[in-house]
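Comments concern the structure below.
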Amino acid sequence: MATAIIMPRQGNTVESCIISKWHKQKGDAVVVGDILFTYETDKATFDEESSVAGTLLEIFFEEDDDVPVLTTMCVIGEEGENISEFSPEGASAPAKEQAQEEKADESVEEKADDKPEAAATTPTGDVAKISPRAKNRAEKAGLDAAYATATGPNGRIIERDIAKLEKSGPSITKAAATSYVSGTAYAGSGIGGRITAEDIEKGGIEEALVPADFVEFEDEKLPNIRKVIARAMHHSLASMAQLTINMSFDASAIMEFRKGVKAKGEELGLPNITLGDMVVYATAKTLLKHKGLNAHFTDDTIRRYNTVHMGVAVDTERGLMVPTLFNSDRMTLSQISTNTKELAAQSKSGTINPDILQGGTFTITNLGAMGVETFTPVINPPQTAILGVCGITTKVKEVNGSIATFPSMGLSLTINHMAVDGAPAARFLKDLCTNLENFAVMLLA
Amino acid sequence: MKYDLMIIGGGPAGYLAAERAGHAGLTTVLFEKKNVGGVCLNEGCVPSKALLYSAKIYDYAKTGSKYGITFEGASLNQEKVIKRKKKVVKTLVSGVKGALKHNKVELIEGEGFIEKRSADGFNVSCAGTVYTGSRLMICTGSVPLMPPIEGLKEAYEAGFAMTNKEVLDLTVVPEKLVVVGGGVIGLEMASYYNSAGSEVTIVEMLDRIAGMTDTEISTILMKNYEKKGIKFNLQSKVVKFTQSSVIYEKEGEKVETPADKVLVSIGRRPFTQNIGIENIGVSLTERGAIITDDKGRTNIAEVYAAGDVNGKSMLAHTAYREAEVCINNILGKKDRMRYNAIPAVIYTNPEVASVGETEETAKQKGIEYECANISMRYAGRYVAENEGGDGICKVLVDKKYNKVIGVSVIGNYSSEFIYGASFMIETEMTVDDIKEIVFPHPTVCEVIREALFAF
């Protein structure tokens, strides 16, 4: 009995996921535990493992398709099983049409199996991997599929790539097609830039004016996460009156504390508590007295939270992610440290539950390790503020009439001036600095 | 104000460029010293077609008996023919003006003169006003070639010798007309005045008429007109004009042919003098044509040229396309001019139309070709409408690519269907593919389809 594999639901708020990659092709043998496909939500990426063994009989969606959760993605079963009942609504066109083609005419399927032989006449690697539909369409339109950008699974050229090529060209006239060498760059001088017989007589051209080993730029299609970040950042700045204030504090106390933890921590079973963890801890505690900054601001309401769901910005290979430490104000320093590390690891591996990537009431972003001295963090709406943690610099101060140096850490607080005024923001920042300068006292409080 | 584009010359290249540029949103100014429409519209292609249509009706009246129709007392009233021609020209000129206005082109009716390059681009003066624009397009066209032959200048000043301009305004049909130059203009005017009753003699230096037309076809055309009474003197070189005759050397002997009027139509030369192009350093060929590349660009950045002034093809429809190529390149669209499928028509009766290679040019270029040469009588409508017609259709196919490279036809309506052959050449469809195209029946154009089945 064939088994349908569905797009899993990742978190209650996720309605659809985008297929990033198919690891198995139609016809491949699958064992339990094989990764079938990779998919992404707005912010995280997941691998779907097979829970059944058999042959991958059909794939209904292509890479880059946005598939509603719980929709049938593919079917695994014994070869020859009827899978028509599984075809989901809204399957992407090529896959769906392919399925219809097979139903209508078995010979089409045979033709598809003929691929390697057909490809032998066009000696480029790219053209060898082309769907029969795409190949057919390219031939009809007088296009060299070698020019197509493959977006199908495993670099396969599929119909939409040819459709795109029809617009971008170059196409070849019927007469020129007889002598055309696939993959050669010809100067198309015919109608609409078509490559004519005369162009072929002239031979290929060196269109690149720069040395071939120098490429001026490379285009990369925006991954979903980048699109999401772009939208969020622009929306943030476009919809708020953001104001950043900067303050610094004497970091001697927290540095001293960290030294102690480092020395004795392992013995006491404590995690490696970082300066950043301490700032998160102090901020969560301080925010409870400044609820205007621990709030969501909407058109007509400010919702002040009585608990701090701390968003912690994490730099990942895919881009910025902000997992949430729910109820961080009730956590111990060591819990904050442990949980933050765990969430950061999940974010980096892409396995984080999307529900954890939202719901924050305040955000901390830390560029201190990179030596940033001050910056203007961008608020994550509908939050009203974000704290930027900067690096430590050495400053001087007067102590008992003489000059002394001390480590100074900068904090950059961006507020939404629509929701909060400068003075209360400054008061919060001042309190936070005081708490961090007297970290041990705060721990006792 | 600073214009995006300044165009000098309002002929087919200039006015079309202005329309396209204006339509695309470029602020455009067009300078025309005489009438928009240029030679084509005012003293060339269009008025000659008006005359030739009158002649055709008259021909039908005279030869109607072959078709069972007899006209009594048919006559041609030259004054009325010319009057109607003027009306046609006026209608079309005002149409062009309307199109320019519609596309927000500023039309300056005066002589534009290129003053210099300036910080803002180029300065063009006209009637004391200086116009500035970032781009310049030169579409000053061509003028009739008047060779330094003895007596020609005097004969022209006396009104005895004419160019294409004067010949279209004759209110009296000359009893004897000599046409020097058996090219398209000469043949069309010879055809008209032959129909109108003149005794026409053509003097041509080459051994053939109709320029680059397929020789077999130009020979048929010549025979048709010999039957109608036109005398042809080929390989004859005019040496002198008097005030009442033309003297030419033929087979080593001097021949003097008396005439009431003589049309000099031996060719045209690009008009590039006294327009100030030397002020910006635009390069010219030895013959005074502006050198352009396949995008219509001259050697000076942001200076384009299109139409007869580049000396390439000297046809109005070539000028249209060249103008579009220029504008597309100005607008940043990829486009280039191709000359391999430009149709050519001679509006004689019968018409001659051709596009692409002829046997002669194909041989010159060393193209391996096959030629289908069939009688126009393969087309039912041709037989129905052309009593005693001896037209032919030649289709040339490149053997290597199995594509059509040239079509030449002599027979009426060919002017209207030759573009179909242009399609075949431009798109490089294979003969097998073209065979799948349905032609309307019965039509004259079916002859092309018939010819293709010879392959």
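See the values below:
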| quantity | calculated |
| --- | --- |
| Residue within the stretch A:163-179 that is hydrophobic (A, V, I, L, M, F, W, C) and closer than 30 Å to A:L56 by Cβ present | yes |
| Identity of the residue in the stretch B:386-405, crowded, with 24+ Cβ neighbours inside 10 Å and more than 14 Å from every other protein chain (Cβ to nearest Cβ), that ends up nearest to B:C371 (Cα to Cα) | B:V395 |
| Filtered residues of the stretch B:106-124 (kept if part of a strand (DSSP E or B) and among the acidic types (D, E)) | B:E106, B:E109, B:E115 |
| Every residue from the stretch B:352-367 that is crowded, with 17+ Cβ neighbours inside 10 Å and not in a loop (DSSP other than H, G, I, E, B) | B:V352, B:A353, B:S354, B:V355, B:G356, B:E359, B:A362 |
| Of all residues in the stretch B:406-444 being over 28 Å from B:Y53 (Cα atoms), of a type in the set (V, I, T) and touching a residue at least 24 places away in the same chain (Cβ under 8 Å), the one that is nearest to the other protein chains (Cβ to nearest Cβ) | B:T430 |
| Tally, over the stretch A:345-373, of residues that are among the hydroxyl-bearing types (S, T, Y) and in contact with a Leu (Cβ under 9 Å, 6 or more places away or on another chain) | 4 |
| Pick from the stretch A:49-75, criterion in a strand (DSSP E or B) and either under 17 Å from the mean Cα position of the chain (by Cα) or modelled with pLDDT under 85 (or both), ranking: surrounded by the most Cβ atoms within 10 Å (Cβ to Cβ) | A:V67 |
| Single unsatisfied condition, B:V309 versus (1) outside any loop (DSSP other than H, G, I, E, B); (2) surrounded by fewer than 21 Cβ atoms within 10 Å (Cβ to Cβ); (3) more than 14 Å from every other protein chain (Cβ to nearest Cβ) | (2) |
| When residues of the stretch B:335-359 are limited to those that are within 21 Å of the chain's Cα centre (by Cα) and acidic (D, E), the one farthest from the other protein chains (Cβ to nearest Cβ) | B:E351 |
| Tabulated pairs, the stretch A:167-194, first facing chain B (nearest Cβ under 7 Å), second outside any loop (DSSP other than H, G, I, E, B) and among the hydroxyl-bearing types (S, T, Y), C-beta under 7 angstrom, 6+ apart or interchain | A:T173/B:T427; A:K174/B:T430; A:A175/B:T430; A:I191/B:T427 |
| Conditions (1) within 27 Å of the chain's Cα centre (by Cα); (2) crowded, with 16+ Cβ neighbours inside 10 Å: number failed by A:T351 | (2) |
| Conditions (1) touching a Lys or Arg at 6+ places or on another chain (Cβ under 7 Å); (2) not in a loop (DSSP other than H, G, I, E, B): number failed by B:V255 | (1) |
| Answer from B:N349, B:N373, B:N329 - the residue that is of a type outside the set (S, T, Y), surrounded by fewer than 23 Cβ atoms within 10 Å (Cβ to Cβ) and either within 19 Å of B:L16 (Cβ to Cβ) or assigned by TED's automatic domain parsing to the domain that holds B:Y67 (or both) | B:N329 |
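Results for (1) buried (at least 21 other Cβ atoms within 10 Å of the Cβ); (2) in contact with a His (Cβ under 8 Å, 6 or more places away or on another chain); (3) of a type in the set (K, R), shown as yes or no for each residue.
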| site | (1), (2), (3) |
| --- | --- |
| B:M6 | yes, no, no |
| B:A13 | yes, no, no |
| B:A17 | yes, no, no |
| B:G25 | no, no, no |
| B:G38 | yes, no, no |
| B:E43 | yes, no, no |
| B:K49 | no, no, yes |
| B:A61 | no, no, no |
| B:Y67 | no, no, no |
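Yes or no, residue by residue, for (1) outside any helix (DSSP H, G or I); (2) without any contact (Cβ under 8 Å) to a residue 24 or more places away in the chain; (3) not acidic (D, E):
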{"position": "A:V261", "(1), (2), (3)": "no, yes, yes"}
{"position": "A:I273", "(1), (2), (3)": "yes, no, yes"}
{"position": "A:G276", "(1), (2), (3)": "no, no, yes"}
{"position": "A:V280", "(1), (2), (3)": "no, no, yes"}
{"position": "A:T286", "(1), (2), (3)": "no, no, yes"}
{"position": "A:D299", "(1), (2), (3)": "yes, yes, no"}
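The values are calculated or read from the model by the stated rules, or taken from the named source; none is laboratory data. Computed from a predicted model, the values in this text were never measured in an experiment. Please note: Cβ atoms are built from the backbone with ideal geometry, for glycine as well, and neighbour counts cover all protein chains shown.
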